[in-house]
């Protein structure tokens, strides 16, 4: 569990937690960024570790997921590399450290599963955020859901 002032992050362990994760993703990706719902949710959701950030009142503030093992191989190319994805923070909670807490919680889960590296596809407008957390961009820019992205990775301590 990772915490920032008045915000806690936990692994989504119930149907209610998963529903909250999906609601945040719908708000951020489908509504705000116009990602088609048909591509926002995928088969990886059933096997991923989802994390949920909540405020002191239990209100969902953000979410993200970790793919690892055989499910992540197509994204990472290595069983020692986890894939961080679907990181979303509600507009009202941005700038409060929620995104940092989510990334660190996902990294902690990756470490608990014996992974050495976390990779991700960052929206280009979020490169600075991930760079401040120790991620390095590599490869050419690519498009995902009509949004420019760059691949990034960070070795875990």
- Would you say residue 78 is without any contact (Cβ under 8 Å) to a residue 60 or more places away in the chain and either closer than 22 Å to residue 131 by Cβ or part of a loop (DSSP other than H, G, I, E, B) (or both)? yes
- Item | residue 72 vs. criteria within 26 Å of residue 27 (Cα to Cα), modelled with pLDDT of 95 or more and not in a strand (DSSP E or B) | no
- Task: Determine, yes or no, whether residue 119 is under 16 Å from residue 136 (Cα atoms), touching a helix residue (DSSP H, G or I) at 6+ places or on another chain (Cβ under 9 Å) and either touching a residue at least 24 places away in the same chain (Cβ under 8 Å) or crowded, with 23+ Cβ neighbours inside 10 Å (or both).
- Result: yes
- Message: I need a count of the residues in the stretch 36-53 that are crowded, with 19+ Cβ neighbours inside 10 Å and either more than 13 Å from the chain's Cα centre (by Cα) or assigned to a loop (DSSP other than H, G, I, E, B) (or both).
- Response: 1
- Task: Return a yes/no flag: does the stretch 23-30 have any residue that is touching a strand residue (DSSP E or B) at 6+ places or on another chain (Cβ under 6 Å), under 26 Å from residue 81 (Cβ atoms), part of a strand (DSSP E or B) and modelled with pLDDT of 95 or more.
- Result: no
- Query: Any idea which residue in the stretch 81-110 is nearest to residue 156 (Cα to Cα), counting only those that are surrounded by fewer than 16 Cβ atoms within 10 Å (Cβ to Cβ) and more than 15 Å from the chain's Cα centre (by Cα)?
  - Reply: 95
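The values are calculated or read from the model by the stated rules, or taken from the named source; none is laboratory data. A quick note: this is a predicted structure, and the numbers were derived from the prediction, not measured. So basically every Cβ, Gly included, is an ideal-geometry build from the backbone, and we count neighbours across all protein chains shown.
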